[in-house]
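Q: Before anything else, here's the structure in question.
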Amino acid sequence: MPSGEARCTRFPPGPTPGSVRQIFWRGLRMKCPRCGAAPIFRRWWTYTEYKECPRCALPYDPRGESLAFMYLSTAFLTGVMFIVLILVPPTDLATYRIGLVLGALALYGVTMPFRKGLAIALNYFNHRTAG
Ligand SMILES: [Zn+2]
């Protein structure tokens with residue numbers, strides 16, 4: 001065990017059985033990707049997150065690497081909104097524009113905690129397999 005990696009005594013560091021699916025499922029549920037027992041966010045509706053897992057001390061985003069995933073997933077959602085723009089022609093342009101902008105902002109806001117959880121899970125997954 002690398003020093004400073006974990007203070008966990010209940011859960012072994014590194015992968016747990018059935019881990020790949022479990023890691024991302026835990027991230028999607030906004031739980032620690034390693035132990036799955038503790039939350040990532042103190043309050044997800046205010047986007048206030050713990051720096052590390054309160055249970056197993058896994059640092060959630062020590063180098064801010066989740067920013068790239070957040071950026072790319074926001075770009076993906078923007079692409080989804082462009083597809084909606086192409087596939088659903090407007091009948092009333094003013095209402096359509098307002099609806100599309102509000103829909104996009106709601107989509108970004110509502111999915112943000114889940115995307116952050118997935119980003120942290122992906123980060124954990126990458127570092128887990130690297131070493
Ligand atoms: Zn944990």
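Q: Taking the stated definitions as given, is Arg55 more than 23 Å from Val20 (Cα to Cα), of a type in the set (D, E, K, R) and either modelled with pLDDT of 90 or more or crowded, with 17+ Cβ neighbours inside 10 Å (or both)?
A: Spelling it out, it is not the case that Arg55 is more than 23 Å from Val20 (Cα to Cα), of a type in the set (D, E, K, R) and either modelled with pLDDT of 90 or more or crowded, with 17+ Cβ neighbours inside 10 Å (or both).
Q: Is it true that Met112 is farther than 20 Å from Phe24 by Cα and out of contact with any strand residue (DSSP E or B) (no Cβ under 6 Å at 6 or more places or on another chain)?
A: no
Q: Here's a follow-up. Taking the residues in segment 27-74 that are away from the ligand (no atom under 15 Å from the Cβ) and assigned to a strand (DSSP E or B) as candidates, determine which candidate is farthest from Lys116 (Cα to Cα).
A: Filtering first and then ranking leaves Arg43.
Q: Name the residues in segment 87-129 that are within 24 Å of Lys51 (Cβ to Cβ), surrounded by 17 or more Cβ atoms within 10 Å (Cβ to Cβ) and of a type in the set (A, V, I, L, M, F, W, C), would you?
A: Scanning segment 87-129 gives Leu118, Ala119, Ile120, Ala121, Leu122, Phe125.
Q: For segment 1-27, give me the residue count where each residue is surrounded by 11 or more Cβ atoms within 10 Å (Cβ to Cβ) and either under 14 Å from Tyr60 (Cα atoms) or modelled with pLDDT under 90 (or both).
A: Selection size over segment 1-27: 16.
Q: Of the conditions (1) farther than 18 Å from Ala119 by Cβ; (2) at pLDDT 90 or above; (3) surrounded by fewer than 16 Cβ atoms within 10 Å (Cβ to Cβ), Val84 clears all except one; give me its number.
A: Single failed check for Val84: (2).
The values are calculated or read from the model by the stated rules, or taken from the named source; none is laboratory data. Predicted model only: the values in this text are computed from it and were never measured. With ideal geometry, Cβ positions are generated from the backbone for all residues, glycine too; neighbour counts draw on all protein chains shown.
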